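Here is the structure we will look at.
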Amino acid sequence: MLDARQLEALAAVVEHGGFSAAAQSLSLTVAAVSLRIKSLEEALGQRLLVRGKRVRATPAGQALLAHVRQVQLMESDLLAQLADPGNASGSRVRWQSLSVAINADSVASWFLPGVAPMLQRHHLLLDIVIDDQDHTHDALKSGEVIGCVSTLAHAMRGCVAEPLGVMRYRCVAAPGLAEQCRTASGRVSPHRLLSRPAVIFNRKDALQDVFLAQHFRLRNARYPRHFAPAIDAFEVAIELGMGWGMVPDLHLQQRDGRPPMVEVQPDTPVDVTLYWHHWEREPPTAQRLTQAVKAAARAALLPPPTTPATP
C-alpha cells in the first residue's frame with residue numbers, strides 16, 4: 001500500500017517546485033518532507049524527483065502524481081456527497097480545486113465564459129496553467145493538471161483526446177502598417193512583410209511561422225520580433241503599429257471601441273484544431289468539467305474537421 005503522507009509530500013514538492021515551500025505548505029520541517037520522499041523512493045525502488053533549482057518529477061514521479069490527483073479528487077467527491085445537503089447557510093460548502101492547462105487565447109474568449117456557470121453551481125475552483133496550445137499537454141503528462149486544451153490529436157496512455165473545434169487565426173496589423181506591407185497592386189509583398197517586426201506572444205508561439213509557410217511557402221524565415229506574453233499587451237502592441245501578429249477571430253469579434261486592426265492579406269486564415277485531453281476514468285467532478293468544456297467549445301469554436309471514412 002502506498003503511504004498517503006508520502007504521496008502528499010510528493011505532490012507538494014512538485015506543486016511548489018522545492019522542498020522548503022512544500023514543507024511550509026504542509027506545516028512540516030524540510031527534513032520531514034525529505035524523509036518522506038526518500039522513504040517513498042526506497043519503497044518503489046526508483047527516483048521520483050530530479051533535484052535542481054526547481055524540483056521536477058521523473059517519469060515515474062509523474063505517473064504517481066497523476067494517481068495522487070485522481071485520488072484527491074475522488075476523496076473530495078466522496079466528502080461532498082457525505083456533507084449535509086440541507087445546509088442553506090453555505091457554511092459547510094466544500095470547495096474543490098481543479099488544475100487545468102489552457103492556451104491564453106482560449107481562456108478568456110470561450111473557456112471561462114463556458115465553464116463559469118458549472119463551476120459556481122458545483123463550488124469548484126480552477127487552478128489554470130497558461131501555456132501555448134502546442135505545449136499544454138506537457139502539464140497533463142507531468143501530472144500537474146487533470147485536463148488540458150491542446151493541438152495534439154493523440155492521447156497518452158490512460159487518457160482520452162476529444163476534438164473540441166477549430167480556432168481560426170488571422171494575420172492582422174494596424175491599418176498603416178498593413179498598407180506598408182502591400183505593393184501598388186494591393187498584394188502583400190513577403191519581403192516588405194518580413195522587413196517589419198512581428199508581435200509574438202512568447203517564444204513557444206509558432207503561429208506566425210505557420211502563416212508564412214501556408215500562404216507564402218516560406219520556412220525558417222528571419223524577421224524582427226517583439227515578444228509580449230500577455231493578451232492585452234500583445235494586442236495593444238499591434239494596435240500601436242509596432243508589428244503584425246496572429247489574432248484569433250474570437251478576439252477580433254470582441255473589439256468594440258478598440259483601435260482598428262485589419263487583415264494584412266484578406267482571406268488567409270490559419271486554422272488550429274483544439275482537443276480536450278483528460279483522464280479516461282474521471283471522478284464525477286472532473287466529468288462535469290469535461291462536459292462543460294465540450295459544450296463551451298461547441299458554442300464558440302468552428303466545427304472540428306471531419307475524418308474521411310475509410311473504404
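Just so it is clear, none of the values below were taken in a lab; they were calculated from the coordinates. Fair warning: this is a prediction, and the values are worked out from it, not measured in the lab. Cβ coordinates were reconstructed from backbone atoms using ideal geometry, including for glycine residues, and neighbour counts include every protein chain displayed.
The length gained on full extension between K53 and R219, counted as 0.36 nm times the residue separation minus their Cα-Cα distance, comes to 56.2 nm.
The stretch between D232 and V210, if pulled fully straight at 0.36 nm per residue, gains 5.7 nm over its current Cα-Cα span. Under 25 Å of direct C-alpha separation, and excluding same-chain neighbours fewer than eight residues apart, K294 reaches these lysines: K141. If r is the Cβ-Cβ distance from I128 to T151 and R0 is 22 Å, what FRET efficiency results, to the nearest 0.05? So, using R0 = 22 Å, E works out to roughly 0.80.
Each of W95, W244 was scored by other Cβ atoms within 10 Å of its Cβ. Arranged with the fewest first, they read W95, W244.
Extent along the principal axes, Cα only, for the chain: 73, 51, 47 Å, with the longest axis given first. Look at the Cα gyration tensor of segment 1-57: its axes a ≥ b ≥ c give a/c of at least 1.5 with a/b at or below b/c, and that counts as oblate. Modelled spin-label separation between Q291 and R192, with each label point placed 7 Å from Cα along the Cα-to-Cβ direction: 5.4 nm. Evaluated with a Cβ-only charge set (Lys, Arg +1; Asp, Glu -1), the chain carries a dipole of roughly 640 debye about its Cα centre, given to the nearest 20.
Relative protection proxy for 16-27, 249-260, 174-185, 268-279, from highest mean packing down: 268-279, 16-27, 174-185, 249-260 (other beta-carbon atoms within 10 angstrom).
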